[in-house]
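J.: Submitted below is the structure of interest, expressed as structure tokens.
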Amino acid sequence: MPSFGRRRLPFCRRKTVICDDRIADGLKEFVEAQVSERGYGTNSEFVRDLIRREQSRTRVRALVVEGMASPEGSEMDAVYFDRLRERARGAQR
């Protein structure tokens, strides 16, 4: 199969993932340093963690935007928090 200027890299072993040389070569040292410093077992673990964190950040951002677009809710005063605590205690039982 022709490579068309792309090659498989150590952290891109799966058949469905091919990394572009121009990107990977410039980031290889950074990725390897992060793997070493943060205790990841492999470069793949680090990349998967980055993807998961980005997915989470994107979900949180969407929730914030959704909340900003929603109508005003009730006032968050002492009574509100008392009711919230009661609901939480009821859910734990």
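The values are calculated or read from the model by the stated rules, or taken from the named source; none is laboratory data. The shown structure was predicted, so the numbers you read here are calculated from the model rather than taken from an experiment. Because the Cβ atoms are built from the backbone with ideal geometry, glycine has one as well, and the counts that use them run over all protein chains shown.
J.: Give the number of residues within the stretch 39-93 that are among the small types (G, A, S) and surrounded by 10 or more Cβ atoms within 10 Å (Cβ to Cβ).
T.: From the stretch 39-93, those among the small types (G, A, S) are 39, 41, 44, 56, 62, 67, 69-70, 73-74, 78, 88, 90-91; that's our starting set.
Keeping just the survivors that are surrounded by 10 or more Cβ atoms within 10 Å (Cβ to Cβ) gives 44, 56, 62.
Final tally of qualifying residues: 3.
The rows are residues; the columns are (1) assigned to a helix (DSSP H, G or I); (2) modelled with pLDDT of 90 or more; (3) more than 20 Å from the chain's Cα centre (by Cα).
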| residue | (1), (2), (3) |
| --- | --- |
| S3 | no, no, yes |
| L9 | no, no, yes |
| C12 | no, no, no |
| D25 | yes, no, yes |
| V31 | yes, no, no |
| S36 | yes, yes, no |
| G41 | no, yes, no |
| S44 | yes, no, no |
| R48 | yes, yes, no |
